[in-house]
Each structure stands twice: as C-alpha cells, then as structure tokens.
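What follows is calculated from the coordinates using simple rules that are stated; it is not laboratory data. Please read these numbers as outputs of a predicted model, since none were measured by experiment. Cβ: placed from backbone, ideal geometry, glycine included. Neighbour counts: every protein chain shown.
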Amino acid sequence: MPAPQPLVERLGEAFFRAIPREPGVYRMYDAEGVLLYVGKAGDLRARLGSYRRTVGQSRKTIRLIHTVRRIEWETCATETAARLAENDLIRRNRPKFNRAGVWPKSARYVRLVAQDSGLRVDLVQDAPVEGYGPFRGGPGRALAAMTRLLWLAWTGDGAVASLPRRWMVGEGLRSVTLEHSKAMDWVPWIREYLGGSGDGLLARLVESVPDSGERFDQAFVAMQFEVLEGFYRRGPLRLRRLRERFGDGPDMWTPERLDDLTLEAGPEELAPPFRPEADGTEL
C-alpha cells in the first residue's frame, strides 16, 4: 500500500502544483491557527513538496506534518532575502517547531578588564561599555582554551596535570581571573585576538607553551590551539570582516544584526583563511 500523505489529503494536489519555483518563506499553522513552523527555500515548490511524504522524515518532521492544517507562503527576490525574512519571523513568533534562531540572545560578548595583579575575562549577555562581540560558536570553549594555554606559557610547565582543576571541569568557562606577573604583558595580544586584527596571540603561544614530551599533554595542547584557531575564524576575524563590509551603526552590534549581516555576506565570510605560524612551524 502507498505511504500516507497527510498534507496532500488535507490541502490537495492542486495546492502543491500552484507553488512557484522561486525563493521564498513559508509558514505552517495548526487547526487553531497557531504558527507551528517557519521555513525558507530557494525553491518553494521543491521544499514544500518534500512535506508531502512521511517516509524518511525525522520524528519531529512527521509530528509537524500530522499537525499542520494550513500553509502560507510568499516569494522573495533572492534566497538571502528569504533567509532574512525567516530570521525575522522566527524571532518575532518563536514557533513551536523551530529551534535555530529562536533565541538570538544566546550569543555572548567578551569583557576584558586589566587589573594590577593580572586580568579578568567574562562572557556577558549584554554588550559591555568596552568589550568584543557578539560571538557565537563556542566563546566559552575558546576562553577555557586560552586560559589553559596562557597558564602553561606563564608557568613554563607543559604538563596538563599542573593546570588548576577548576579550569579542567567542563569544556567552557564563563568567567576567569588570571593573576600572574606576566599577565599584563599579554593583554595587547589578547585584545588583538578578540578584535580580530591579528594572530599574534596564537603565534606567541606556539613559541611560549613548553613541550612536556608526554603524548597526552601534546594532544591536549594541540586541541586547545585548534579550539582557539576555530573560534578566531568563526568569531573575531569574521566579525571584523563583516564590520569592514557593513560598518554601520553602534560600536557593538546586537546578535540579531550579526545574524542578518552574516546571511547577507554569504558563506565566503564564514571561513576566511587563517593559519598562525611561529618560527616556521605551522600550527
């Protein structure tokens, strides 16, 4: 027997045939008129046509298909315009079946405060008077990785076991105070890194973190560098390039503004080349 097609039974074949093959945004409602889901597509007919079947769909999509009673759509000039419209609708309505983009405030800013005895770094939700961001893509993991590498560099001990335990619990950190006589010397490099203006911090860490000779320590240190490099590309460097292209508005964008401009910029802005080197050794 053929697999059931709940939406075809409710809306009819003619509905799906009438959908244009153009970019656009669509909205799905339940029997009470509650907005369930917002989506975008480069080809509305192809995308909405994929909901005709239940075979091969995720559990979430199958639940959605069985709940939907009405679908509305509208065309957009480009697929980017459709993505921007989708972002706006999701933020304003927070549909039940949407996840990505529902909580733009999940982005974080970084506040760096230089102190007499060292420095303090915090991840905060609201834009600070002086700081960096907003960032997505693991700023807490990057802060943890930076903290561990700085401490290994300052103490001259490459053994992971020498790190304070509080910096090893969990993958990320939200706040850290680093007190050391060498801390202030590194503040310019940290600011440069967070501002996306250079890779000096990573290059200097490559030179300064000692090698304990133990394979576990070497693998752990390499992982910290990978985290810092990845965050730099996705966060500070991408943000700087976006500002060079769309340098309008206040010193710090809102997370919503960052999301919209990221979509407008396209994928080429998301992964710019970045390979720090130190003494001829590529990271």
What's the whole-number percent of alpha carbon pairs in the chain lying beyond 27 angstrom? 52 percent
In deg cm²/dmol, rounded to the nearest 500, the helical mean residue ellipticity at 222 nm of the chain, built from -39500 (n - 2.57) for every DSSP H run of length 4 or more, is -13000 deg cm²/dmol
Of the lysine pairs in the chain, how many meet both conditions: Cα atoms under 18 Å apart, and a spacing of 8 or more in sequence or different chains? 4
Could you work out the relative contact order of the chain, using alpha carbon pairs under 8 angstrom and six or more residues apart, expressed as a whole percent? 15 percent
Helix check for the chain. Which DSSP H runs span at least 20 Å along their own axis by Cα, with a mean Kyte-Doolittle hydropathy no less than 0.5? 139-155
Give me the Å³ per residue figure for the convex hull around the C-alpha atoms of region 72-150. 131 Å³
Env charge @ Ile71, Cβ radius under 10 Å, K,R +1 / D,E -1, value +3
With label points set 7 Å from each Cα along the Cα-to-Cβ direction at Thr54 and Glu13, the distance between them in nm comes to 2.1 nm
Packing rank of 138-148, 254-264, where each peptide gets the mean count of other beta carbons within 10 Å, highest leading: 138-148, 254-264
Could you state the orientation-averaged shadow area of the convex hull built on the Cα atoms of region 1-123, in nm² to one decimal? 10.8 nm²
Explain nothing, just the number: relative contact order of region 73-144, from Cα pairs under 8 Å at least 6 residues apart, as a whole percent. 23 percent
Among 229-242, 57-70, how do they line up by average Cβ neighbours within 10 Å per residue, starting with the highest? 229-242, 57-70
